[in-house]
Amino acid sequence: LKEKVDSVIAEQEMIGEGQDGYVVIAKSEVQEGFSEVCYKFAKRSKFNPRSKNSLSEEVKIHDDFYELNNELGDSCIGIPSLLYSAKLDRIEVIAMERLPAKSMKDISDGDGVVPDWIDVDIFCRDLKKLIDKMHSKGLYHRDLHLGNIMVSQYSEPPEDGKSGYMIDFGLSAYVDEG
């Protein structure tokens with residue numbers, strides 16, 4: 001695993017960055033212009049800003065979001081699949097499904113489009129169902145904004161029916177009632 005992580009670091013191409021981490025692809029994994037895997041590396045910090053989860057805590061909560069979303073069944077909103085996570089020396093990394101999507105922020109900035117096949121009303125309804133489901137279980141994203149909602153960039157509807165995704169669970173938490 002260390003060799004794999006070292007390889008990714010050596011040939012990384014940045015595709016996203018946040019306050020607590022950055023997301024890359026490995027250039028050698030790009031086939032036909034796309035890589036199916038992306039890697040989130042934790043930024044090193046001496047403090048935990050805004051109740052930020054460690055990467056291992058983020059993995060657990062990400063998995064909980066994934067499982068609860070699956071309970072919704074026929075939702076057009078997805079959660080990216082986790083492949084593995086590792087802590088090697090001072091490096092923390094999550095490997096996950098790379099989404100064929102752009103954030104709503106990117107789209108509003110002119111990088112990407114909302115494909116014609118997406119029904120925005122259904123998209124919003126299913127996003128609300130997902131949020132309501134999480135909240136009913138005491139699970140809160142706590143950082144939901146245009147950069148953390150992704151929209152499919154496929155020109156035709158994909159077989160899995162996913163037109164969008166919720167991402168980045170670094171600030172998510174279980175919150176007790178009251």
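Values for this structure:
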| item | result |
| --- | --- |
| Whole-number percent relative contact order across region 22-119, with pairs defined as alpha carbons under 8 Å at least 6 apart | 26 percent |
| Tail weight of P(r) past 18 Å, computed on alpha-carbon pairs of region 112-168, percent | 36 percent |
| Square roots of five times the Cα gyration tensor eigenvalues for region 20-178, Å | 25, 22, 14 |
| Region 16-158, accessible area per residue, ligands and nucleic acids excluded (1.4 Å, Å²) | 57 Å² |
| Among HIS145, VAL120, VAL30 - extreme Cα towards positive end, dipole of the chain, charges at beta-carbon | HIS145 |
| Positive-pole candidate from GLY110, LEU82, PHE65, dipole of region 62-110, charges at beta carbon | GLY110 |
| Computed [θ] at 222 nm, deg cm²/dmol, the chain (DSSP H ≥ 4; -39,500 (n - 2.57); rounded to nearest 500) | -8500 deg cm²/dmol |
| Virtual spin-label span in nm between LEU144 and LEU68, 7 Å along Cα→Cβ | 1.0 nm |
| DSSP-defined antiparallel bridges as percent of all bridges, the chain, nearest 5 | 95 percent |
| Selected from GLN19, GLN31, GLN153 as most flexible by GNM, with the chain as the system and alpha-carbon contacts under 10 Å | GLN31 |
| Sites GLU156 and SER56, calculated FRET efficiency, Cβ-Cβ separation with R0 30 Å, nearest 0.05 | 0.20 |
| Filtered chymotrypsin sites (Phe, Trp or Tyr not before Pro), region 1-84: DSSP coil and at most 13 other beta carbons within 10 Å | PHE47 |
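The values are calculated or read from the model by the stated rules, or taken from the named source; none is laboratory data. The structure presented is a predicted model; accordingly, all values stated were derived computationally and were not measured. Every residue, glycine among them, receives a Cβ derived from its backbone with ideal geometry; neighbour counts consider all protein chains shown. Only protein heavy atoms, including side chains, enter the accessible area calculation; ligands, DNA and RNA are left aside. Shrake-Rupley method; radii C 1.70, N 1.55, O 1.52, S 1.80 Å.
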